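A quick write-up on the structure given underneath.
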Amino acid sequence: MYAERAHGMTASAVRSLFAVANRPEVVSLAGGMPNISDLPLDVIGGLVSDLIKDHGTQALQYGSGQGELMIREQICEVMAEEQIHGHPDDVVITHGSQQGLDLLTRIFCDPGDVILAEAPSYVGALGTFAAYQAEVVHVAMDEHGLNPQALRQALLTLRAAGKRVKFLYTIPNFNNPAGLTQPLERRKEILAIADELDLLIVEDNPYGLLTIDGQDPLPAMRSLDDTHVVYLGSFSKTFAPGLRVGWVLAPHGVREKLVLAQESATLAPSVFSQFVVSTYLAHWDWRAQLDTFRAMYRERRDAMLRGLTEHMPPGSTWTHPTGGFFVWLTLPEGLDSQAMLPRAVSARVAYTPGTAFYADGMGSRNIRLSYCFPPPERIIEGTRRLGEVINNERDINETFGLKSFTHTPRIHPGPGPDLR
Ligand SMILES: Cc1ncc(COP(=O)(O)O)c(C=O)c1O
């Protein structure tokens, strides 16, 4: 009885293992939950209480399908940190940026349409694209993120084959899962291709303000081009994911369609959540709070890099993020991260296997490690346990002469080091 599209909605093979991974004795480097224990909960409690007392009949009422004007104005201030000069009229509030992704795919993609995405890319986006029966074609990355030559080549090849490429989905800052960032020059190169070949770009940027090496946030792609770029933002990593408040900044026509799609999906995003975020932004020094988060994530990132340096066996490599939550680890040749996961969980460490971040089964030699949630000493202990598991796995492989299963890539490779 299910619709065709429901076949694309499949549980990840590692879901059941995550239940085990959440046991207290397991160090979980798997999830991407922000550590919000540094939030001023007593202050927020007071603000919410005042909000209900003073504006309860508004905050608990239905609202506009586009979202409330006050928060859309404040969002423009937040985006100015990344040099975006957006207008509140062009902002649509969503239930997290995840719903922005859903609405965009809904309005742009028919079954069989192609979405270009980094190799690797965010698992939640891949799930949404699959639910709409869009085909994902991955584009290679190098140490500066998405590779422009590979993008151009992919686009031309797909179009020559009669495929309809609807957009490029990219996470330019601290990519989930690769931890890589496109420098400014790289952004410009990608935008030049979008201009020349008339390509829409969906820029997903939940981590951009979480720079952790003291650097200023880079200008968003949207700040450089307001015709080809649809921008997705979120308060999930910079404030609180439980409120489910994100947004889309879109060119005028796209914004109209998004509001209609939002109305048909939810009638209106939660007014209460928007008011809570709005009150927080108005009454708390959110820029100083960002600095608190930055320092906390820096300590954890440093712990992870130190732990990896100490405990990873030769033949492993990993990325060095300058912000965000994730490190992308490549295992020594011949190891399979998915096959190894049950043994890692038995050794009380969990991670997300690289295959979760590809639509086509690639990534078996990779692991995404998150440093966002566990405290630094647990992160170091997690890397120690992981190092042992990898060493054992290598011993088993050498003893039995096993080789991991390799897939034929459907990635468009580009020149330069391939970070698959
Ligand atoms: C790249 C990326 N996009 C979107 C999301 C969804 O975030 P939200 O909580 O705003 O829906 C996440 C969450 O982890 C993410 O990493």
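The values are calculated or read from the model by the stated rules, or taken from the named source; none is laboratory data. None of these values were measured; they are calculated from a predicted model. When we count neighbours, we look across all protein chains shown, and the Cβ atoms used for this are built from the backbone with ideal geometry, even at glycine.
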Filter result (within 20 Å of the chain's Cα centre (by Cα) and aliphatic (A, V, I, L, M)) within segment 103-128:
103, 104, 114, 115, 116, 117, 119, 123, 125, 126
Does segment 8-25 contain any residue that is among the β-branched types (Val, Ile, Thr), at pLDDT 95 or above and farther than 22 Å from residue 246 by Cβ?
no
How about segment 162-173: which of its residues are touching a Leu at 6+ places or on another chain (Cβ under 9 Å) and either modelled with pLDDT under 95 or surrounded by fewer than 24 Cβ atoms within 10 Å (Cβ to Cβ) (or both)?
164, 165, 166, 167
Subset of segment 23-49 [more than 19 Å from residue 286 (Cα to Cα) and surrounded by 12 or more Cβ atoms within 10 Å (Cβ to Cβ)]
26, 27, 28, 29, 30, 31, 32, 33
I want to confirm something. Restricting to segment 370-406 and keeping residues that are at pLDDT 95 or above and under 12 Å from residue 337 (Cα atoms), which single residue is surrounded by the fewest Cβ atoms within 10 Å (Cβ to Cβ)?
389
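For (1) within 16 Å of the ligand (Cβ to nearest atom); (2) touching a strand residue (DSSP E or B) at 6+ places or on another chain (Cβ under 6 Å); (3) of a type in the set (A, V, I, L, M, F, W, C); (4) part of a helix (DSSP H, G or I), each residue gets a yes or a no:
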| position | (1), (2), (3), (4) |
| --- | --- |
| 35 | yes, no, no, no |
| 52 | no, no, yes, yes |
| 66 | no, yes, no, no |
| 84 | no, no, yes, no |
Give me the residue from segment 88-111 that is part of a helix (DSSP H, G or I) and among the aliphatic types (A, V, I, L, M) and, out of that set, nearest to the ligand (Cβ to nearest atom).
101
Here are 203, 143, 196: which of them is free of Cβ contacts under 8 Å to residues at least 60 places away in the same chain and away from the ligand (no atom under 16 Å from the Cβ)?
196
Identify all residues within segment 117-134 that are free of Cβ contacts under 8 Å to residues at least 60 places away in the same chain and not in a loop (DSSP other than H, G, I, E, B); write none if there are none.
124, 128
Here are some conditions: (1) within 27 Å of residue 205 (Cα to Cα); (2) touching a Lys or Arg at 6+ places or on another chain (Cβ under 7 Å). Residue 320 meets all but one. Which one does it not meet?
(2)
